[in-house]
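Some notes on the structure that comes next.
Coordinate-derived values only; no laboratory data. Since this is a predicted model, take the numbers as computed values, not measurements. All Cβ positions, even for glycine, are placed from backbone atoms using ideal geometry, and neighbour counts span all protein chains on display.
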Amino acid sequence: MNSTTRKILITGGAGFIGSNFVHYILESYEDVKLFVIDKLTYAGNLKNLDRWKDDSRLDFLRVDIADKNAVNTSCENLDFNEVAHFAAESHVDRSITGPEEFVRTNVMGTFYMLELARKKYEQGSLTRFLHVSTDEVFGSLGEDGAFSETTSYAPNSPYSASKAGSDHLVRSYFHTYGMPVVTTNCSNNYGPFHFPEKLIPLMILNCLQGKALPVYGKGDNIRDWLYVKDHCSAIDLAMLKGVSGETYNIGTRNEMNNLQIVELICTLMDKYHPAGAPHKKLIQFVKDRPGHDFRYAIDPSKIENQLGWKPKYSFETAIQETVEWYIKNGDWWKEILSGEYKSYYEMQYKN
Ligand code: NAD
Ligand code: DAU
């Protein structure tokens, strides 16, 4: 490693967006060192990083970020100068039935990561703490308008409230300690390695298995879909060029209601998996999510105008690629559905 090597601590790098970020960075930079730390909860899967398991640019450590002692003993001596903080409990439905883990990981875990980073900062070696957050902290929109960086916080679920708490802590480390923090708030991601409890992968896998497609309420709630690979390029840009203390919204102006997205997946499945056609017959309207936010929409003008970010993928191409990825990667999702992926750490990384 030379003095210009980027050395990034990535929390939650075995999850959906974190693992895509690892792929993005290792594909984009030769001279880089990554330390992935992850608790490997139900949502963390080392198979997501399999491609790099023999690459010396990547080290993996199993660490619970909400365990202060574990963070200190495992991470204090790691030689990183940037942090990309993805680790979180991320599923809204789980936060409704079990909010405690969300407060523990998302609030306390973020606090311990900030404290770890503060030590590096005081030693003069921290150049960036990038906190990955969500548009859900802004609450729910009506028919019009979009979230900007100045929209007031109004979180409605235990998940979004815990993310809002973490955003405020991150902000305070800039104002109080002068740390080089940046927060990004993005809309709903989709793409490879998405855990199949979330809408898009759940619908694809249920189509493949001939199972019902549960649409909450009338299916008229609106989400603003962002391809995970575009999200990763935006995060990297915000790490490199973002102004410390600032927040950046990330989205691609791609609103759809849930029924539209489920019907589109059915149409794509009819093409790529004709055996189950017509997949629309599997749609079932089910009881709504309590406190279900009606609409999210991101105004990404700030990151576009101030940092020059441009998404690379069209929705049409990316959703098609996503459907094809799940069809081709049956081993990946069958292991998840059977629970077998959880033993992979013990087999590969016993240390
Ligand atoms: P994910 O659930 O797929 O992955 C989360 C990862 O964090 C997993 O690998 C898990 O093992 C790890 N983790 C959880 N608790 C941990 C702990 N205590 N210690 C260490 N690791 C722990 O989530 P995701 O969809 O990849 O989301 C990543 C981040 O992006 C989260 O902060 C989330 O709030 C945010 N976000 C996600 C979306 C989205 O659409 N998925 C949108 C906006 C923001
Ligand atoms: O907006 C960003 C957020 O997007 C992230 O911060 C969260 O981590 C991420 O999980 C996601 O939250 P959502 O609640 O919007 O995503 P989910 O995939 O759970 O649901 C998307 C929409 O689909 C939502 O309106 C609920 C609906 N839905 C979801 C599931 C799982 C259904 O209708 N049926 C389902 O089975």
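So the values come out like this:
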item: Coil-residue GluC sites (Glu not before Pro) of segment 50-118, DSSP, other Cβ within 10 Å capped at 11; result: E76
item: Whole-Hz couplings from phi, Karplus 6.51/-1.76/1.60, listed for segment 92-99; x for Gly and Pro; result: 4, 4, 5, 5, 6, 8, x, x
item: Pair E100, Y216: separation of 7 Å Cα→Cβ label points (nm); result: 2.3 nm
item: Range in the chain, longest, excluding exposed chymotrypsin sites (Phe, Trp or Tyr not before Pro) [loop by DSSP; at most 16 other beta-carbon atoms within 10 Å]; result: 154-293
item: Per-pair calculated FRET efficiency, R0 = 30 Å: D79 and L240 via Cβ, rounded to 0.05; result: 0.95
item: DSSP-defined antiparallel bridges as percent of all bridges, the chain, nearest 5; result: 10 percent
item: Shape of segment 169-267, Cα gyration tensor, a/c cut at 1.5; result: prolate
item: Linear extension gain, Q123 paired with F294, 0.36 nm per residue minus alpha-carbon span; result: 57.0 nm
item: In nm, spacing of pseudo-spin labels at E316 and N72 (7 Å Cα→C-beta vector); result: 5.7 nm
item: ³J(HN,Hα), Karplus 6.51/-1.76/1.60, whole Hz, each residue of segment 55-64, x for Gly, Pro; result: 8, 5, 6, 10, 10, 10, 10, 7, 9, 8
item: Shape call, the chain: gyration tensor on alpha carbons, a/c limit 1.5; result: prolate
